[in-house]
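Colleague: Sending over a structure as structure tokens; questions will come in a sec.
The values are calculated or read from the model by the stated rules, or taken from the named source; none is laboratory data. Computed from a prediction, not measured in an experiment: that's the story for all the values here. Don't worry about glycine lacking a Cβ; one is built from the backbone with ideal geometry, like all the others, and counts go over all protein chains shown. For the accessible areas, the whole protein counts, side chains as well, though only heavy atoms, and no ligand, DNA or RNA atoms are used. Shrake-Rupley method; radii C 1.70, N 1.55, O 1.52, S 1.80 Å.
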Amino acid sequence: MRIVRNLFVAVLLVVLLPYLVAPLYRAGHPVSTLMAWRWLTGAPVSRQWIDLAAMSPALPRSVVASEDAKFCSHHGIDWNALRDVLDDAEDGEVTRGGSTITQQVAKNLFLWQGRSLLRKALEFPLALWIDLVLPKQRILEIYLNIAELGPSGQFGVQAGSTYAFGRPASGLAPREAALLAAILPNPVARSARNPGPGVRRLAGTYMVRAQAAELKRCWVENRAF
């Protein structure tokens, strides 16, 4: 009985730890679990932190346009997008990604890669908590500094920009920012450095979306960019 109780307490602590740590990420330079795993296994990791205010303004706009258009209005989970994904699955269609930027921050900071019902069950309440305890600007800043953006361990927009274009994230043109956003789902198979037709087409779409009126209002009202 004592072993079972101790095991339960240990599991409970592991589950609750992210909720205790998340408010502390208002400051500092957090790393993702994938970055930590690569360090532990000796795989290369390149990440240079850059503050949101120092980035090219086109970068956060392009990433929000590509990953989470309702980022400024939802509270961690885009329920409408989630319903669309579930409807597609019921109809037998290929499901689209329904994760918000906040969900991806929750996954990248505290959980593991890959798809599983257990991870989603942990990710949903954690995303709601992160949205509650961290400002939108900080959530986006963390995401842009921990997202994988290169084929050989490049994490964050600074390392991704340097690898793809040979210059820092502060100096990217809108087209280059959109190319980085276009590779986010799979930076190993997709390349901003040598973009194929599909990546170039997506980048063009994201450039247009980044200038949408809703994002401009978000910029003014929420000061997230």
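Colleague: Would you check if there is a residue in the range 175-193 being open to solvent by 70 Å² or more (accessible area, probe 1.4 Å), in contact (Cβ under 8 Å) with a residue 60 or more places away in the chain and out of contact with any strand residue (DSSP E or B) (no Cβ under 8 Å at 6 or more places or on another chain)? Reasoning before the result, please.
Modeller: We begin by selecting, within the range 175-193, every residue open to solvent by 70 Å² or more (accessible area, probe 1.4 Å); these are 175, 185, 188-190, 193.
With in contact (Cβ under 8 Å) with a residue 60 or more places away in the chain added as a condition, the list becomes 185.
Now drop any that are not out of contact with any strand residue (DSSP E or B) (no Cβ under 8 Å at 6 or more places or on another chain), which leaves 185.
Yes, the conditions are met somewhere in the range 175-193.
Colleague: Could you list, ordered by first residue, the pairs with Cβ atoms under 6 Å in which the first is in the range 130-152 and in contact (Cβ under 8 Å) with a residue 40 or more places away in the chain and of a type in the set (S, T, N, Q) and the second is surrounded by 24 or more Cβ atoms within 10 Å (Cβ to Cβ) and in a helix (DSSP H, G or I), at least 6 apart or interchain?
Modeller: Taking only residues 6 or more apart or on different chains, the pairs are ASN145/GLY156.
Colleague: Here are some conditions: (1) open to solvent by 80 Å² or more (accessible area, probe 1.4 Å); (2) of a type in the set (A, V, I, L, M, F, W, C); (3) within 17 Å of the chain's Cα centre (by Cα). TRP37 meets all but one. Which one does it not meet?
Modeller: Unmet condition: (3).
Colleague: Answer yes or no: is there a residue in the range 155-171 that is polar (S, T, N, Q) and in a loop (DSSP other than H, G, I, E, B).
Modeller: First pass over the range 155-171, keeping only residues polar (S, T, N, Q): 158, 161-162, 170.
Subset that is in a loop (DSSP other than H, G, I, E, B): none.
No, the range 155-171 contains no residue that is polar (S, T, N, Q) and in a loop (DSSP other than H, G, I, E, B).
Colleague: Condition (residue is in contact with a strand residue (DSSP E or B) (Cβ under 6 Å, 6 or more places away or on another chain), buried (at least 22 other Cβ atoms within 10 Å of the Cβ), within 20 Å of ARG61 (Cβ to Cβ) and at pLDDT 95 or above) applied to the range 160-172: is it met by at least one residue? Before you say what the answer is, go through the steps one by one.
Modeller: Taking the range 160-172 and keeping what is in contact with a strand residue (DSSP E or B) (Cβ under 6 Å, 6 or more places away or on another chain), we get 160, 163.
Next, from what is left, pick out any that are buried (at least 22 other Cβ atoms within 10 Å of the Cβ): 160.
From what is left, the residues that are within 20 Å of ARG61 (Cβ to Cβ) are 160.
Right, trim to at pLDDT 95 or above and you get 160.
Among the residues of the range 160-172, at least one is in contact with a strand residue (DSSP E or B) (Cβ under 6 Å, 6 or more places away or on another chain), buried (at least 22 other Cβ atoms within 10 Å of the Cβ), within 20 Å of ARG61 (Cβ to Cβ) and at pLDDT 95 or above, which makes the answer yes.
Colleague: So is GLY76 surrounded by 14 or more Cβ atoms within 10 Å (Cβ to Cβ), of a type in the set (Gly, Ala, Ser) and in a loop (DSSP other than H, G, I, E, B) or not?
Modeller: So GLY76 passes the test.
Colleague: Which of the residues belonging to the range 134-150 are open to solvent by less than 50 Å² (accessible area, probe 1.4 Å) and assigned to a helix (DSSP H, G or I)?
Modeller: LYS136, ARG138, ILE139, LEU140, GLU141, ILE142, TYR143, LEU144, ASN145, ILE146
Colleague: Mind checking which residues of the range 194-225 are at pLDDT below 90, surrounded by 14 or more Cβ atoms within 10 Å (Cβ to Cβ), of a type in the set (A, V, I, L, M, F, W, C) and not in a loop (DSSP other than H, G, I, E, B)?
Modeller: Of everything in the range 194-225, those that are at pLDDT below 90, surrounded by 14 or more Cβ atoms within 10 Å (Cβ to Cβ), of a type in the set (A, V, I, L, M, F, W, C) and not in a loop (DSSP other than H, G, I, E, B) turn out to be ALA210, LEU215, CYS218, TRP219.
Colleague: Go through the range 97-133 residue by residue and tally those that are open to solvent by less than 10 Å² (accessible area, probe 1.4 Å) and in a loop (DSSP other than H, G, I, E, B).
Modeller: Matching residues across the range 97-133 total 1.
Colleague: Another question about this same structure. Which one of the conditions (1) open to solvent by 20 Å² or more (accessible area, probe 1.4 Å); (2) part of a loop (DSSP other than H, G, I, E, B); (3) touching a residue at least 12 places away in the same chain (Cβ under 8 Å) does GLY28 fail to meet, given that it meets all the rest?
Modeller: GLY28 satisfies every listed condition except (3).
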